[in-house]
Each structure stands twice: as structure tokens, then as C-alpha cells.
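To start, the structure itself, in C-alpha cells.
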Amino acid sequence: MMRAFTVQVGPLGFRVGSAWSGPVRALERLYADYPKPADDIPDFTVRLEPVSTLRRWVRPSVAIRGDFMLPDAVPTSLAHGLLAAEMAMNLQVAMGERRFLLLHASSVERDGKVLLMTGESGSGKSTLSALLGEKGWRFMGDEFALIEPETGLAFPFPRPVSLKNEAVAEMLRHVAEDRLGPEMVGTPKGDIRHLKPPAEAIRRMGESGTPALLLFPRFGLVRDVRPVPPSEVFVRLTQASTNYTMLGERGFEALTNLVQGIPARAIDYPDTATALALVDQLWAEHA
Amino acid sequence: MRDARILAWVLADPTRAAQLRPHQWTAMLTIAQAERLLGTLAHRLAGLEMPETAARVLDRARRAAETDRRQALWEAEMARQALVSLGLPVILLKGTAFLAVGMDAGRGRLVGDLDILVPRDRMDDAEAALLLAGWEWVKQDAYDDAYYRDHMHELPPLIHKARDRMIDVHHTILPLTARAQPDAAALIADAVDLGNGLSVLYPEDMVIHAVLHLFADGDLSGGLRNLWDIDRMLREFAERDGFWDRLLARSRHHKVTRYVSRALRLTHHIFETPVDGYLAWQGRRGDLFYTGRLLARNGWGQETAKLLRFAFYIRSHWIRMPPFMLGRHLFTKWRKGHQSIR
């Protein structure tokens, strides 16, 4: 009764089972260019199930289940099934990953060096990484940066970018319409469309890079650049990591090495053109 | 994959993993995760040839179990420090005990809460000492609180405000309202001192506690893991002379022979545990229902056999309380549920 979909994203493979065919068809379209899990064995299993037998057919309501579950996860409507699948996959990584230190950050790479951007929802880190991915950088991911504690390297997790509200129109100025997935209106996170990463980002999703610069962007403010002291960077990154405490001493060492190894700047920007210019300038100065 | 048998089959003999096809690996790993046995499976399969992805999944589980082990033992030490002034033995129960002794049952095992046993007449002192050391009540209402104190075998759960870990302080190993009533004084009198201020139950009592936890106190949720604990203990302790005779004598002393007997039959059937024939054939049949319930999970990690699960849920209440009390309890809970909706 479960319709199945599997996909490999960066170093992690997923299996998604769904009681309905809609979410699986949407995933197949969005992830058409991605490979399947190596060995045909996924790292994580996700299930989209009706909250009750009745709600499979009547006002279908999707419960997010899987290897790792939140007891109080809010069900979504079937129309937002794709979003449910994406959230469920993120949840598995956030709660289950133990090899890599996870940072809630977007990342792009150039010449083997990686730019990390982290900030709260609405900071613009997703949109910036997607834009840079269209302008000569290799897009590595908009959700999680995977830091390998033993080497300090950043590994890609190039999922389709979830663009919210005004970011969709902004992105359409830079990419063709066929790169975007279906529009989901009125989700808990606003209106959402997914952007398929460039082909190169998917082809090279096994290639890591060395972190070289960390930015804390904030959208909607007057242009400003401030250095961030290592102590503050450390604390902010512990908050941006979903598995820092679970990794124990390895997590602490990975994070202190990262913080001591790369420069960090907070940037405020009123529009994307300013942000892109700032990134170019700071990259030239520090990376 | 219809049920969790594939996991039990490989846990019993890890070399069988060499025969698995990819979809069977996937099913087994998913079921193991859902049954909280993935870390255990990782330890059982360590060093064997397997697909790279399976090794990665198991490596993740091994790391998780190692973190959990360290936290569980630290939590035991914190409890010891909190209670040291009372001059009590802090008797560790369940998972933390397996880890503290270094038993096979502890290898790769996840430990949730810290469970300890203290004499009933010292419960108030233990409670006061823990509150002083930073544990606090998990928020609950007056009915639940009173229910715990009057009828349960433990204090209402406490959680440490800084470390966010729960402690269950027991004075015996089954609710006071349950049909079976083991001899709590004997459990405490015969506990084994580990020499570091912590104690564990006498080996045969450890087995009996695991058995009662599985069959006499709950609806068999997570039962496969509890049965695995029993399998490991039986195999480890059976190497000592006279173990089966002592287990029989001790089961009779606590008046729980039929539960122990059933556990022996089921772990023999599911995990191929060598068991004592005489002890295994005491008491009643009906094992098929138990086997079905313990293995009720499919390759997607979903719970199956809904009706059987529900029957065991009903049973869990039936065996924990006399009928009149059960009626009153369910009525109170129903009314509360009703009120909270309004």
C-alpha cells in the first residue's frame, strides 16, 4: 500500500513511502536528475501516512513519520504533500545524523573553498545561495552544511531550494521557469516553490570543500558589515546546529576548529544586488 | 516483509546477514530503528562484511549508543551523589544496570530514563534529596500525582532541570495494584554492590525484573527489545553453575514462575535462546498471541496487527488493576480528556 520513492542527496540516501501517489509523483519530478541510493539501501526512511484511516480519503491529512519522529509534528494537507516529504527528510537528517556536524546553513563553493551562510528564517541565506549558484559558484545546499569533524571539510547536501514568498519572483529573474516545482500556496511557511539546483551541483554532490568564510546575513536592513568575535560565532553556531550536543566531544572539537579556522562577518543588506556585491568583496578580502 | 522476524533471525545469528538482499537490509535496519534495536544490531554485526550503506547506518547507531551510554552512566553518578548522604544503596535497574556491569545486554542498547530502586520507607527522603539536587516534577495534575503515590511502584517521574534527563525512583518492580507482587525486601537485601556506591539486582532478580516489565506491566510496546535483554541475560548467566535452579527457586519465591516460563519459551522461539526445559514448560499457553504482538512491525517500520495491539493494550490495564478500580480510573481519565477538549 505504500508508494515508494528513493533518492541520494550528497552523502545521504532516502526512502520515502507515501499512502498517496501525489507526493511521490511530485518528488519524482523534482528529483528527476538525482541518483538513487548506493547499494539500493537508504540511510533514512520517511513515511507519509494518513492521520487516521478516514483521513486517507476525506480531507486527506498527511502525518509525518519515519525513523525519527517528533511527537507533536503538525500534519499537513495532501496539497502540501511535497512540503511534508521535504520536512520529513530534513527531520531525519537533523535528528539522526551522527557522522557529520550539521549546521543549519547554506553553502556555495569556488576553487575548493566554501562560503557558509547562516541565519534565522527570513535572513535570505537560501535565496543568496541559490543566486550565487547561478553566478559562477557551485551550489552545495540551502538547508544543511555537513562538517566532517575529522577533516573539517564541508560536504554538500544540495536539495532543491525551498523558495518562499517574494524569493520566488526574485529567482525567476535569474532562472527559467522550468527549474521551479509546483506552487504550494498557504503552507505554514507561506507560499513555496522549489528550485532545482543546477546540473553541476547535482553531478558534483559527492565533492567536499574547505570552509573559508562564514557570513551571518540579515535581509531588509541598511548595508552594513561587522566582524563577529569567535566567542559569539561559537555560540551562534551551537544554536544553528541540530546535532552539536549529540556528537559530544567530537562536536565540540569540530566546532571550535571551524570557528578558529575561518573569518566571520555579519552583513546587513537592503536588496540582493547589494548582498551579492558584499559577498564578492568579502570573499576577495578574506577567502 | 510481513513482520520483524528478519531482525530477530539476524540478531540470533549475525552471520546470516551475508544472505540478505538490499530490500531485506533496508527492512531490517528500519525495523531495528523502530524497535530501538539498531545500536544492538550494530554491535552484533561489527566486523562482518556488509554493503557500505548498511555499515554507515549502523555506524551512526553505534555512535548514538555510545553517547547514550556515557550520559546514562553520568546520570547514575549524579543520582549517587544526590543520595549519598542518606546512606542508601542506590540500586540501578534495567538499561543503566546492564551498562554499569558491562553486561552483554547493554551492548549498543539505548537507555532512556534512569531507573533506581530504594526501600519504600525511604522514598520521602530520596524524593527530598533529589529535589534538593536539581530534579523537579514533570508537570502533571493532582489525580496523576495521587495515583502514583497511592498505587504505583515508583514516584511520579522527576526530570533534572539542567540536564533534562528523567529519573524513576521505584520501591518495587510492579505496581501495587498488579496481580503479581514480588518480594521487594528480598530484591533490596540481595542486591549486588558494585563497589562504587552503586548496586544492581542479584542476577536472577535482574532476569525476573525484565520478565515482569515485559509481561506484567504494559502493552508490550518495545517488547522485542525487552525480550532481547532477557535473551542476553539468560545466555550470559547460564554459564554460571546452578543458574537455572536458582532462577526457578527465585521465580517461585516471587510467585512469578508462569511469567518467567513464558519469557523462556518466547525468547527460545524468537531468538533461539537455549533455555531450561523444565522451567520453560510451567504455566499456560497462548504464546502465539505474544509472538504475533512482539513481531508486529513491517519493513517500512509501521506497526501492524492493530487489533492484537489493541487487545494487549486492554490487557495491560486489566492486569494492573482490580476491575472496580480500573472502571473508576478509566472514567476519571475519560472525563479529564473530555474537559481538556472543551
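The values are calculated or read from the model by the stated rules, or taken from the named source; none is laboratory data. Predicted model only: the values in this text are computed from it and were never measured. Cβ sites come from the backbone with ideal geometry, for glycine too, and all protein chains shown count toward neighbours. With ligands, DNA and RNA removed, areas are computed over all heavy atoms of the protein, side chains included. Shrake-Rupley method; radii C 1.70, N 1.55, O 1.52, S 1.80 Å.
All other residues whose Cβ lies under 10 angstrom from that of residue A:207 are scored, Lys and Arg at +1 and Asp and Glu at -1, for a net of +2.
Only DSSP H runs of four or more residues enter the estimate; each adds -39500 (n - 2.57), and after division by the residues of the protein assembly as shown the mean residue ellipticity at 222 nm equals -13500 deg cm²/dmol. Positive end of the dipole of the range B:28-171 (Cβ unit charges, origin at the Cα centre): among B:73, B:108, B:90, the Cα lying farthest that way belongs to B:108. Once the partner protein chains are put back, the range B:1-49 shows a loss of at least 30 square angstrom of accessible area, versus the chain by itself, at B:22, B:26, B:30, B:33 (probe 1.4 Å, ligands and nucleic acids excluded). Approximating the spin labels as points 7 Å out from Cα along Cα→Cβ, the residue B:236-to-residue A:286 distance works out to 5.1 nm. For the range B:134-205 versus the range A:272-286, the inter-centroid distance based on Cα atoms is 60 Å. Can you tell me the relative contact order of chain A? Whole percent, Cα pairs under 8 Å, sequence separation 6 or more. Over chain A, the number comes to 17 percent. Within the listed set A:135, A:125, A:196, the Gaussian network model of chain A (springs between alpha-carbon atoms below 10 Å) gives the highest mean-square fluctuation for A:135.
Taking only the Cα atoms of chain B, the ratio Rg/Rh comes out at 0.96, with Rh defined as the Kirkwood radius. Any of A:164/B:139; A:189/B:333; B:94/B:139; A:189/B:336; B:161/B:306 with alpha carbons more than 29 Å apart? Name them for me. From A:164/B:139; A:189/B:333; B:94/B:139; A:189/B:336; B:161/B:306, over 29 Å: A:164/B:139; A:189/B:333; A:189/B:336; B:161/B:306. Between chain B and chain A, the total buried accessible area stands at approximately 2000 Å², from heavy atoms with a 1.4 Å probe.
Using a Gaussian network model of chain B whose springs link C-alpha atoms within less than 10 Å, name the residue from B:146, B:100, B:186 with the highest mean-square fluctuation. Answer for the Gaussian network model of chain B: B:146. Note on residue A:148/residue B:324: beta-carbon distance plugged into 1/(1 + (r/R0)^6) with R0 of 56 Å gives a FRET efficiency of 0.35. The heavy atoms of residue A:104 present about 60 square angstrom of accessible area, all protein chains included, probe 1.4 Å. Comparing each chain alone with all protein chains together (probe 1.4 Å, DNA, RNA and ligands left out), the residues of the range A:1-46 losing at least 50 Å² of accessible area are A:15, A:39, A:41, A:43.
Full extension of the segment from residue B:148 to residue B:255, taken as 0.36 nm per residue of separation minus the current Cα-Cα distance, would add 36.1 nm. For the range B:257-318, the list of chymotrypsin sites (Phe, Trp or Tyr not before Pro) that fall in a loop by DSSP and count at most 12 other C-beta atoms within 10 angstrom reads B:281. Considering only A:77, A:106, A:162, the Gaussian network model of chain A with Cα springs below 10 Å gives its largest mean-square fluctuation to A:77.
Specify whether the C-alpha gyration tensor of the protein assembly as shown places it in the rounded, prolate or oblate class, a ≥ b ≥ c being the square roots of the eigenvalues: rounded for a/c under 1.5, otherwise prolate if a/b is larger than b/c and oblate if not. In terms of gyration-tensor shape, prolate.
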